[in-house]
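**Q** One structure, as C-alpha coordinates, below. Some questions next.
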Amino acid sequence: MKLTSVELRRVAMPLVAPFRTSFGTQTVRELLLVRVTTPDSEGWSECATLVDPRYSAEYVDGAADVMRRFFVPALAAVPDLDAHAVGRVLSPFKGHWMAKAALETAVLDAELRAAGQSFGRFLGAARDRVPCGVSVGIMDSIPQLLDTVGGYLDAGYVRIKLKIEPGWDVEPVRAVRERFGDEIALQVDANTAYAVSDARHLARLDPFDLLLIEQPLDEDDVLGHAELARLVRTPICLDESITSARTAAAAIRLGACAVVNVKPARVGGYLEARRIHDVCVAHGVPVWCGGMLESGIGRAANVALAALPGFTLPGDTSASDRYYATDLTAPFVLDDGHLPVPTGPGLGVEPVPELLDAMTTARESLPL
Ligand SMILES: O=C(O)CCC(=O)N[C@@H](C(=O)O)c1ccccc1
(Lines give C-alpha, C1' and ligand atoms only; values in the text may rest on other atoms or scores of the structure.)
Protein backbone atom coordinates (compact mmCIF):
# COMPACT_ATOMS: atom_id res chain seq x y z
CA MET A 1 0.00 0.00 0.00
CA LYS A 2 1.14 3.52 -0.68
CA LEU A 3 0.21 6.19 1.86
CA THR A 4 -1.82 8.90 0.16
CA SER A 5 -2.49 11.04 3.25
CA VAL A 6 -1.77 11.19 6.96
CA GLU A 7 -3.84 13.38 9.25
CA LEU A 8 -3.25 14.11 12.92
CA ARG A 9 -6.17 15.19 15.07
CA ARG A 10 -5.99 16.52 18.61
CA VAL A 11 -9.07 15.54 20.55
CA ALA A 12 -10.12 16.61 24.05
CA MET A 13 -12.35 14.16 25.92
CA PRO A 14 -13.45 15.21 29.42
CA LEU A 15 -13.38 12.36 31.95
CA VAL A 16 -16.56 11.61 33.90
CA ALA A 17 -14.48 11.94 37.07
CA PRO A 18 -10.87 12.85 37.90
CA PHE A 19 -8.57 9.84 37.65
CA ARG A 20 -5.70 10.07 40.14
CA THR A 21 -2.60 7.88 40.04
CA SER A 22 0.74 8.04 41.80
CA PHE A 23 2.03 10.27 39.01
CA GLY A 24 -0.81 12.75 38.65
CA THR A 25 -4.50 13.35 38.05
CA GLN A 26 -6.27 13.20 34.68
CA THR A 27 -9.45 15.25 34.19
CA VAL A 28 -9.40 15.56 30.40
CA ARG A 29 -7.87 13.03 28.01
CA GLU A 30 -6.12 14.95 25.26
CA LEU A 31 -5.75 12.39 22.50
CA LEU A 32 -3.78 12.35 19.29
CA LEU A 33 -5.66 10.45 16.60
CA VAL A 34 -3.97 9.30 13.41
CA ARG A 35 -5.87 8.78 10.14
CA VAL A 36 -4.07 7.41 7.11
CA THR A 37 -5.42 6.82 3.62
CA THR A 38 -4.19 4.59 0.85
CA PRO A 39 -5.56 4.31 -2.70
CA ASP A 40 -8.24 1.90 -1.54
CA SER A 41 -8.62 2.25 2.20
CA GLU A 42 -8.33 4.35 5.33
CA GLY A 43 -6.93 3.49 8.73
CA TRP A 44 -7.40 4.97 12.22
CA SER A 45 -5.42 4.75 15.41
CA GLU A 46 -4.95 6.50 18.71
CA CYS A 47 -1.62 7.58 20.13
CA ALA A 48 -1.65 6.79 23.86
CA THR A 49 0.70 9.57 24.98
CA LEU A 50 -0.38 11.84 27.80
CA VAL A 51 -0.03 15.59 27.58
CA ASP A 52 3.01 15.42 29.87
CA PRO A 53 5.81 12.84 30.20
CA ARG A 54 4.63 11.42 33.52
CA TYR A 55 3.64 7.86 32.58
CA SER A 56 6.62 7.52 30.22
CA ALA A 57 9.06 9.82 28.46
CA GLU A 58 6.63 10.40 25.63
CA TYR A 59 4.02 13.16 25.48
CA VAL A 60 1.46 14.29 22.93
CA ASP A 61 3.29 17.23 21.36
CA GLY A 62 6.48 15.17 21.15
CA ALA A 63 4.67 12.31 19.44
CA ALA A 64 3.10 14.66 16.90
CA ASP A 65 6.48 16.27 16.26
CA VAL A 66 8.38 13.02 15.76
CA MET A 67 5.67 11.74 13.40
CA ARG A 68 5.65 15.01 11.46
CA ARG A 69 9.42 15.40 11.11
CA PHE A 70 10.73 11.86 10.92
CA PHE A 71 8.30 8.95 10.96
CA VAL A 72 5.71 9.98 8.35
CA PRO A 73 8.31 11.12 5.76
CA ALA A 74 10.09 7.76 6.20
CA LEU A 75 6.86 5.79 5.77
CA ALA A 76 5.62 7.93 2.87
CA ALA A 77 8.78 7.06 0.94
CA VAL A 78 7.91 3.36 0.93
CA PRO A 79 6.04 2.45 -2.29
CA ASP A 80 4.48 -0.73 -0.96
CA LEU A 81 3.99 -0.33 2.80
CA ASP A 82 2.34 -2.80 5.11
CA ALA A 83 2.04 -3.03 8.91
CA HIS A 84 4.92 -5.48 9.22
CA ALA A 85 7.18 -3.01 7.40
CA VAL A 86 6.39 -0.06 9.67
CA GLY A 87 8.56 -1.28 12.56
CA ARG A 88 11.44 -1.99 10.19
CA VAL A 89 11.21 1.38 8.43
CA LEU A 90 11.10 3.22 11.78
CA SER A 91 13.75 1.08 13.50
CA PRO A 92 16.61 3.54 12.80
CA PHE A 93 14.77 6.02 15.06
CA LYS A 94 15.19 5.36 18.77
CA GLY A 95 12.31 5.07 21.21
CA HIS A 96 9.00 6.96 20.70
CA TRP A 97 7.17 3.65 21.04
CA MET A 98 3.71 5.21 21.38
CA ALA A 99 4.18 7.27 18.25
CA LYS A 100 5.45 4.21 16.38
CA ALA A 101 2.52 2.16 17.72
CA ALA A 102 0.00 4.73 16.47
CA LEU A 103 1.43 4.73 12.94
CA GLU A 104 1.76 0.95 12.77
CA THR A 105 -1.81 0.53 14.02
CA ALA A 106 -3.25 3.00 11.52
CA VAL A 107 -1.45 1.23 8.66
CA LEU A 108 -2.63 -2.14 10.00
CA ASP A 109 -6.21 -0.87 10.23
CA ALA A 110 -6.08 0.33 6.61
CA GLU A 111 -4.58 -2.97 5.49
CA LEU A 112 -7.17 -5.07 7.31
CA ARG A 113 -10.12 -2.92 6.20
CA ALA A 114 -8.96 -3.38 2.60
CA ALA A 115 -8.65 -7.14 3.18
CA GLY A 116 -11.97 -7.36 5.00
CA GLN A 117 -10.29 -8.95 8.02
CA SER A 118 -10.92 -8.01 11.64
CA PHE A 119 -8.15 -7.12 14.12
CA GLY A 120 -9.20 -10.07 16.25
CA ARG A 121 -8.92 -12.58 13.44
CA PHE A 122 -5.58 -11.11 12.31
CA LEU A 123 -4.10 -11.18 15.82
CA GLY A 124 -5.37 -14.68 16.63
CA ALA A 125 -8.31 -14.03 18.94
CA ALA A 126 -9.56 -17.19 20.63
CA ARG A 127 -12.75 -15.65 22.07
CA ASP A 128 -15.57 -13.47 20.84
CA ARG A 129 -15.86 -11.50 24.09
CA VAL A 130 -13.45 -10.69 26.92
CA PRO A 131 -13.92 -10.37 30.71
CA CYS A 132 -13.30 -6.81 31.87
CA GLY A 133 -11.48 -5.35 34.81
CA VAL A 134 -11.60 -1.75 35.92
CA SER A 135 -8.92 0.61 37.22
CA VAL A 136 -9.84 2.65 40.31
CA GLY A 137 -7.89 5.81 41.01
CA ILE A 138 -6.54 7.10 44.30
CA MET A 139 -9.41 8.68 46.19
CA ASP A 140 -9.82 11.40 48.83
CA SER A 141 -11.27 8.99 51.39
CA ILE A 142 -11.93 5.31 52.10
CA PRO A 143 -15.75 5.81 52.01
CA GLN A 144 -15.44 7.40 48.56
CA LEU A 145 -13.30 4.48 47.42
CA LEU A 146 -15.79 1.91 48.71
CA ASP A 147 -18.70 3.66 46.99
CA THR A 148 -16.74 3.72 43.72
CA VAL A 149 -15.70 0.07 43.95
CA GLY A 150 -19.27 -0.93 44.84
CA GLY A 151 -20.55 0.87 41.78
CA TYR A 152 -18.12 -0.95 39.49
CA LEU A 153 -18.93 -4.33 41.03
CA ASP A 154 -22.65 -3.59 40.55
CA ALA A 155 -21.87 -2.71 36.92
CA GLY A 156 -20.44 -6.21 36.53
CA TYR A 157 -16.67 -5.68 36.38
CA VAL A 158 -14.94 -8.97 37.12
CA ARG A 159 -11.70 -7.52 38.51
CA ILE A 160 -10.86 -4.42 40.55
CA LYS A 161 -7.46 -2.69 40.24
CA LEU A 162 -6.64 -0.09 42.87
CA LYS A 163 -4.06 2.57 42.20
CA ILE A 164 -1.76 2.84 45.20
CA GLU A 165 1.07 5.06 46.43
CA PRO A 166 2.86 5.46 49.76
CA GLY A 167 0.17 6.52 52.25
CA TRP A 168 -2.64 4.98 50.20
CA ASP A 169 -2.04 1.25 49.97
CA VAL A 170 -2.64 -1.18 52.87
CA GLU A 171 -5.67 0.63 54.31
CA PRO A 172 -7.61 0.94 51.02
CA VAL A 173 -6.91 -2.71 50.21
CA ARG A 174 -7.98 -3.78 53.70
CA ALA A 175 -11.17 -1.70 53.45
CA VAL A 176 -12.11 -3.20 50.07
CA ARG A 177 -11.50 -6.74 51.32
CA GLU A 178 -13.51 -6.11 54.51
CA ARG A 179 -16.42 -4.59 52.60
CA PHE A 180 -16.56 -6.82 49.51
CA GLY A 181 -14.99 -10.05 50.76
CA ASP A 182 -12.17 -12.31 49.69
CA GLU A 183 -13.83 -13.55 46.51
CA ILE A 184 -13.49 -10.47 44.34
CA ALA A 185 -10.47 -10.45 42.02
CA LEU A 186 -8.33 -7.58 43.36
CA GLN A 187 -4.97 -6.16 42.33
CA VAL A 188 -2.99 -2.97 42.85
CA ASP A 189 -0.92 -0.69 40.59
CA ALA A 190 1.86 1.47 42.04
CA ASN A 191 3.14 3.06 38.82
CA THR A 192 6.77 2.95 40.09
CA ALA A 193 5.94 4.75 43.38
CA TYR A 194 8.00 2.49 45.72
CA ALA A 195 11.61 1.40 46.33
CA VAL A 196 13.03 -2.01 47.24
CA SER A 197 13.48 -0.61 50.75
CA ASP A 198 9.65 -0.59 50.96
CA ALA A 199 9.61 -4.40 50.69
CA ARG A 200 8.56 -4.98 54.30
CA HIS A 201 5.76 -2.48 53.88
CA LEU A 202 4.59 -3.99 50.59
CA ALA A 203 4.66 -7.44 52.22
CA ARG A 204 1.80 -6.15 54.42
CA LEU A 205 -0.35 -6.56 51.30
CA ASP A 206 0.33 -10.30 51.21
CA PRO A 207 -2.52 -11.32 53.57
CA PHE A 208 -5.10 -9.79 51.19
CA ASP A 209 -4.66 -12.43 48.47
CA LEU A 210 -4.13 -9.93 45.65
CA LEU A 211 -3.76 -11.18 42.10
CA LEU A 212 -0.64 -9.04 41.72
CA ILE A 213 1.23 -5.87 42.57
CA GLU A 214 1.81 -3.93 39.33
CA GLN A 215 5.06 -2.00 38.71
CA PRO A 216 6.00 -1.18 42.30
CA LEU A 217 9.50 0.06 41.36
CA ASP A 218 11.13 2.24 38.70
CA GLU A 219 10.72 0.99 35.16
CA ASP A 220 14.50 0.38 34.83
CA ASP A 221 14.82 -1.45 38.18
CA VAL A 222 14.43 -4.99 36.88
CA LEU A 223 16.87 -6.41 39.45
CA GLY A 224 15.04 -4.53 42.19
CA HIS A 225 11.79 -6.22 41.14
CA ALA A 226 13.56 -9.60 41.21
CA GLU A 227 14.75 -8.88 44.76
CA LEU A 228 11.30 -7.64 45.79
CA ALA A 229 9.73 -10.81 44.35
CA ARG A 230 11.81 -12.77 46.85
CA LEU A 231 10.59 -10.62 49.74
CA VAL A 232 6.84 -10.45 49.07
CA ARG A 233 4.42 -13.27 48.35
CA THR A 234 2.05 -11.37 46.10
CA PRO A 235 3.00 -11.89 42.42
CA ILE A 236 4.84 -8.98 40.80
CA CYS A 237 3.44 -7.71 37.48
CA LEU A 238 5.40 -5.36 35.23
CA ASP A 239 4.00 -2.62 33.00
CA GLU A 240 6.38 0.28 32.33
CA SER A 241 9.42 -2.06 32.47
CA ILE A 242 8.26 -4.25 29.60
CA THR A 243 9.13 -2.40 26.39
CA SER A 244 9.57 -5.40 24.06
CA ALA A 245 9.47 -9.18 23.79
CA ARG A 246 13.19 -9.15 24.61
CA THR A 247 12.76 -7.18 27.84
CA ALA A 248 9.84 -9.43 28.73
CA ALA A 249 12.01 -12.53 28.32
CA ALA A 250 14.81 -10.93 30.37
CA ALA A 251 12.47 -9.87 33.18
CA ILE A 252 10.95 -13.35 33.35
CA ARG A 253 14.39 -15.04 33.28
CA LEU A 254 15.59 -12.73 36.09
CA GLY A 255 12.53 -13.53 38.21
CA ALA A 256 11.41 -9.88 38.11
CA CYS A 257 7.80 -10.66 37.24
CA ALA A 258 5.26 -13.46 37.40
CA VAL A 259 2.63 -11.58 35.36
CA VAL A 260 2.90 -9.09 32.48
CA ASN A 261 0.64 -6.16 31.59
CA VAL A 262 0.72 -6.13 27.77
CA LYS A 263 0.18 -2.57 26.60
CA PRO A 264 0.61 -2.24 22.80
CA ALA A 265 1.20 1.53 22.94
CA ARG A 266 4.19 1.03 25.28
CA VAL A 267 5.89 -1.50 23.02
CA GLY A 268 5.49 0.00 19.56
CA GLY A 269 2.24 -1.64 18.54
CA TYR A 270 0.11 -4.77 18.36
CA LEU A 271 2.67 -6.84 16.47
CA GLU A 272 5.21 -6.54 19.31
CA ALA A 273 2.40 -6.92 21.83
CA ARG A 274 1.57 -10.27 20.24
CA ARG A 275 5.27 -11.26 20.39
CA ILE A 276 5.28 -10.43 24.12
CA HIS A 277 2.14 -12.51 24.54
CA ASP A 278 3.86 -15.43 22.76
CA VAL A 279 7.03 -15.14 24.90
CA CYS A 280 4.97 -15.04 28.10
CA VAL A 281 2.82 -18.00 27.05
CA ALA A 282 6.00 -19.96 26.28
CA HIS A 283 7.23 -19.20 29.81
CA GLY A 284 3.87 -19.96 31.46
CA VAL A 285 3.48 -16.30 32.48
CA PRO A 286 -0.10 -15.00 32.38
CA VAL A 287 -0.75 -11.69 30.64
CA TRP A 288 -3.55 -9.14 30.66
CA CYS A 289 -4.23 -6.10 28.48
CA GLY A 290 -3.35 -2.73 29.97
CA GLY A 291 -5.12 0.51 29.13
CA MET A 292 -4.30 4.16 28.58
CA LEU A 293 -7.76 5.68 28.93
CA GLU A 294 -8.35 5.00 25.26
CA SER A 295 -11.32 6.20 23.26
CA GLY A 296 -13.28 3.56 21.38
CA ILE A 297 -10.61 3.62 18.67
CA GLY A 298 -7.83 2.29 20.91
CA ARG A 299 -10.29 0.30 23.00
CA ALA A 300 -11.43 -1.71 19.95
CA ALA A 301 -7.85 -2.81 19.25
CA ASN A 302 -7.18 -3.62 22.92
CA VAL A 303 -10.32 -5.75 23.22
CA ALA A 304 -9.25 -7.72 20.13
CA LEU A 305 -5.79 -8.27 21.64
CA ALA A 306 -7.29 -9.29 25.00
CA ALA A 307 -9.05 -12.17 23.20
CA LEU A 308 -5.77 -13.98 22.50
CA PRO A 309 -5.38 -17.27 24.42
CA GLY A 310 -2.61 -16.15 26.80
CA PHE A 311 -4.71 -13.26 28.14
CA THR A 312 -5.99 -15.31 31.06
CA LEU A 313 -6.44 -12.37 33.44
CA PRO A 314 -9.07 -9.64 33.00
CA GLY A 315 -7.53 -6.49 31.55
CA ASP A 316 -8.11 -2.75 31.88
CA THR A 317 -10.57 -3.03 28.99
CA SER A 318 -13.43 -1.19 30.63
CA ALA A 319 -16.61 0.10 29.03
CA SER A 320 -16.56 3.54 27.41
CA ASP A 321 -18.60 5.05 30.25
CA ARG A 322 -15.88 4.21 32.79
CA TYR A 323 -14.11 7.33 31.55
CA TYR A 324 -16.31 9.14 29.04
CA ALA A 325 -19.92 10.32 28.96
CA THR A 326 -19.60 10.33 25.17
CA ASP A 327 -17.08 8.20 23.29
CA LEU A 328 -15.67 9.00 19.85
CA THR A 329 -17.12 5.74 18.51
CA ALA A 330 -20.27 3.84 19.28
CA PRO A 331 -19.83 3.13 23.01
CA PHE A 332 -18.38 -0.11 24.35
CA VAL A 333 -21.05 -1.33 26.78
CA LEU A 334 -20.35 -3.91 29.48
CA ASP A 335 -22.50 -7.02 29.17
CA ASP A 336 -22.32 -9.49 32.06
CA GLY A 337 -18.82 -8.19 32.84
CA HIS A 338 -17.61 -8.67 29.25
CA LEU A 339 -17.02 -6.62 26.11
CA PRO A 340 -17.58 -8.11 22.66
CA VAL A 341 -14.61 -8.37 20.32
CA PRO A 342 -15.39 -6.19 17.25
CA THR A 343 -15.95 -8.33 14.16
CA GLY A 344 -15.93 -5.72 11.38
CA PRO A 345 -12.95 -5.17 9.06
CA GLY A 346 -9.92 -3.63 10.72
CA LEU A 347 -10.70 -2.12 14.11
CA GLY A 348 -14.37 -2.72 13.40
CA VAL A 349 -15.20 0.76 14.67
CA GLU A 350 -14.68 4.29 13.42
CA PRO A 351 -15.17 7.73 14.89
CA VAL A 352 -18.70 9.13 14.66
CA PRO A 353 -18.02 12.21 12.45
CA GLU A 354 -20.13 14.69 14.39
CA LEU A 355 -18.72 13.50 17.73
CA LEU A 356 -15.17 13.62 16.40
CA ASP A 357 -15.67 17.15 15.06
CA ALA A 358 -17.23 18.27 18.34
CA MET A 359 -14.20 17.04 20.34
CA THR A 360 -11.47 17.99 17.84
CA THR A 361 -9.27 20.81 19.06
CA ALA A 362 -6.81 20.78 16.14
CA ARG A 363 -6.25 18.90 12.91
CA GLU A 364 -3.27 18.75 10.61
CA SER A 365 -2.62 17.04 7.30
CA LEU A 366 1.03 16.06 7.08
CA PRO A 367 2.82 16.62 3.76
CA LEU A 368 3.80 13.32 2.12
O1 LIG B 1 -8.64 1.67 32.03
C2 LIG B 1 -7.73 2.31 31.48
O3 LIG B 1 -7.63 2.51 30.27
C4 LIG B 1 -6.64 2.88 32.38
C5 LIG B 1 -5.96 1.77 33.11
C6 LIG B 1 -4.86 2.35 33.93
O7 LIG B 1 -4.94 2.40 35.13
N8 LIG B 1 -3.83 2.85 33.23
C9 LIG B 1 -2.76 3.51 33.96
C10 LIG B 1 -1.53 2.69 33.89
O11 LIG B 1 -0.57 3.05 34.54
O12 LIG B 1 -1.58 1.64 33.24
C13 LIG B 1 -2.64 4.90 33.44
C14 LIG B 1 -2.00 5.16 32.26
C15 LIG B 1 -1.98 6.48 31.78
C16 LIG B 1 -2.65 7.50 32.48
C17 LIG B 1 -3.29 7.20 33.64
C18 LIG B 1 -3.30 5.88 34.11
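The values are calculated or read from the model by the stated rules, or taken from the named source; none is laboratory data. Computed from a predicted structure; not experimentally measured. Every residue, glycine as well, gets a Cβ built from its backbone with ideal geometry; the counts of neighbours run over all protein chains shown. Protein only, heavy atoms only, side chains kept; ligands, DNA and RNA dropped before computing areas. Shrake-Rupley method; radii C 1.70, N 1.55, O 1.52, S 1.80 Å.
**Q** Quick one: count up the residues across segment 10-53 that are assigned to a loop (DSSP other than H, G, I, E, B), among the polar types (S, T, N, Q) and open to solvent by less than 20 Å² (accessible area, probe 1.4 Å).
**A** Within segment 10-53, residues that are assigned to a loop (DSSP other than H, G, I, E, B), among the polar types (S, T, N, Q) and open to solvent by less than 20 Å² (accessible area, probe 1.4 Å) number 1.
**Q** Right, next: Please work out if Tyr270 is within 12 Å of the ligand (Cβ to nearest atom), hydroxyl-bearing (Ser, Thr, Tyr) and open to solvent by 10 Å² or more (accessible area, probe 1.4 Å).
**A** No.
**Q** Oh, and also: Only residues that are part of a loop (DSSP other than H, G, I, E, B) and either closer than 24 Å to Lys94 by Cβ or aromatic (Phe, Trp, Tyr) (or both): list them for segment 218-240, please.
**A** Asp218, Glu219, Asp220, Asp221, Asp239, Glu240
**Q** Of the residues that make up segment 56-70, is at least one closer than 16 Å to Ala101 by Cα, more than 23 Å from the chain's Cα centre (by Cα), open to solvent by 20 Å² or more (accessible area, probe 1.4 Å) and touching a residue at least 24 places away in the same chain (Cβ under 8 Å)?
**A** The answer is yes, given that some residue of segment 56-70 is closer than 16 Å to Ala101 by Cα, more than 23 Å from the chain's Cα centre (by Cα), open to solvent by 20 Å² or more (accessible area, probe 1.4 Å) and touching a residue at least 24 places away in the same chain (Cβ under 8 Å).
Per-residue answers, yes or no, for (1) open to solvent by 10 Å² or more (accessible area, probe 1.4 Å); (2) hydrophobic (A, V, I, L, M, F, W, C); (3) assigned to a helix (DSSP H, G or I); (4) within 14 Å of the ligand (Cβ to nearest atom):
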residue	(1), (2), (3), (4)
Val281	yes, yes, yes, no
Gly284	yes, no, no, no
Trp288	no, yes, no, yes
Gly291	yes, no, no, yes
Ala307	no, yes, no, no
Leu313	yes, yes, no, yes
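**Q** Have a look at Ala57, Ala63, Ala74 and point out the one that is within 24 Å of Asp220 (Cα to Cα) and touching a helix residue (DSSP H, G or I) at 6+ places or on another chain (Cβ under 6 Å).
**A** The match here is Ala63.
**Q** Just a yes or no: is a residue in segment 84-94 within 14 Å of the ligand (Cβ to nearest atom), surrounded by 14 or more Cβ atoms within 10 Å (Cβ to Cβ) and of a type in the set (Val, Ile, Thr)?
**A** Looking for residues that are within 14 Å of the ligand (Cβ to nearest atom), surrounded by 14 or more Cβ atoms within 10 Å (Cβ to Cβ) and of a type in the set (Val, Ile, Thr), one finds none in segment 84-94, hence no.
**Q** Now for a different question. On the basis of being more than 28 Å from Ala74 (Cα to Cα) and either touching a strand residue (DSSP E or B) at 6+ places or on another chain (Cβ under 8 Å) or modelled with pLDDT under 95 (or both), does Asp335 make the cut?
**A** Judged against the criteria, Asp335 is a match.
**Q** Name every residue in segment 329-368 that is surrounded by 15 or more Cβ atoms within 10 Å (Cβ to Cβ), in a loop (DSSP other than H, G, I, E, B) and on the phi > 0 side of the Ramachandran plot, in order of residue number.
**A** Result: Gly337, Gly348.
**Q** Using beta carbons and a limit of 9 Å, which pairs, at least six apart or on different chains, have the first residue in segment 190-206 and more than 16 Å from Glu219 (Cα to Cα) and the second one among the polar types (S, T, N, Q) and more than 16 Å from the ligand (Cβ to nearest atom)?
**A** Listed by first residue and then by second, the contacts come to Leu202/Thr234; Ala203/Thr234; Leu205/Thr234; Asp206/Thr234.
**Q** Name the one entry in Thr243, Thr317, Thr326 that is among the β-branched types (Val, Ile, Thr), assigned to a loop (DSSP other than H, G, I, E, B), within 16 Å of the ligand (Cβ to nearest atom) and within 18 Å of Arg29 (Cβ to Cβ).
**A** When all the criteria are applied, what remains is Thr317.
**Q** Same structure, new question: Tell me, yes or no, whether segment 298-305 has at least one residue that is assigned to a loop (DSSP other than H, G, I, E, B) and either within 16 Å of the ligand (Cβ to nearest atom) or within 27 Å of Ala258 (Cα to Cα) (or both).
**A** No; the residues of segment 298-305 include none that is assigned to a loop (DSSP other than H, G, I, E, B) and either within 16 Å of the ligand (Cβ to nearest atom) or within 27 Å of Ala258 (Cα to Cα) (or both).
**Q** Taking segment 152-189 only, how many residues are among the aliphatic types (A, V, I, L, M) and either over 30 Å from Leu223 (Cα atoms) or touching a residue at least 40 places away in the same chain (Cβ under 8 Å) (or both)?
**A** Here the count works out to 8.
**Q** Still on this model: Just one of Val196, Val188 is open to solvent by less than 50 Å² (accessible area, probe 1.4 Å) and within 21 Å of the chain's Cα centre (by Cα); which is it?
**A** Exactly one residue qualifies, and that residue is Val188.
**Q** Taking the conditions exactly as written (assigned to a helix (DSSP H, G or I), closer than 25 Å to Gly120 by Cα and either of a type in the set (A, V, I, L, M) or without any contact (Cβ under 8 Å) to a residue 40 or more places away in the chain (or both)), does Val89 satisfy them or not?
**A** So Val89 passes the test.
**Q** Still on this structure: When you check Thr148 against the structure, is it hydroxyl-bearing (Ser, Thr, Tyr) and more than 26 Å from Ala17 (Cβ to Cβ), yes or no?
**A** Criteria not met by Thr148.
**Q** Taking segment 249-279 as the search range and keeping residues that are in a helix (DSSP H, G or I), among the β-branched types (Val, Ile, Thr) and free of Cβ contacts under 8 Å to residues at least 40 places away in the same chain, which one is nearest to Pro14 (Cα to Cα)?
**A** Ile276
**Q** I would also like to ask the following. For Glu46, are the conditions met, namely being in contact (Cβ under 8 Å) with a residue 60 or more places away in the chain, charged (D, E, K, R) and either within 16 Å of the ligand (Cβ to nearest atom) or in contact with a Cys (Cβ under 7 Å, 6 or more places away or on another chain) (or both)?
**A** yes
**Q** Quick one: count up the residues across segment 199-221 that are aliphatic (A, V, I, L, M) and open to solvent by 40 Å² or more (accessible area, probe 1.4 Å).
**A** Going through segment 199-221 one residue at a time, the tally reaches 1.
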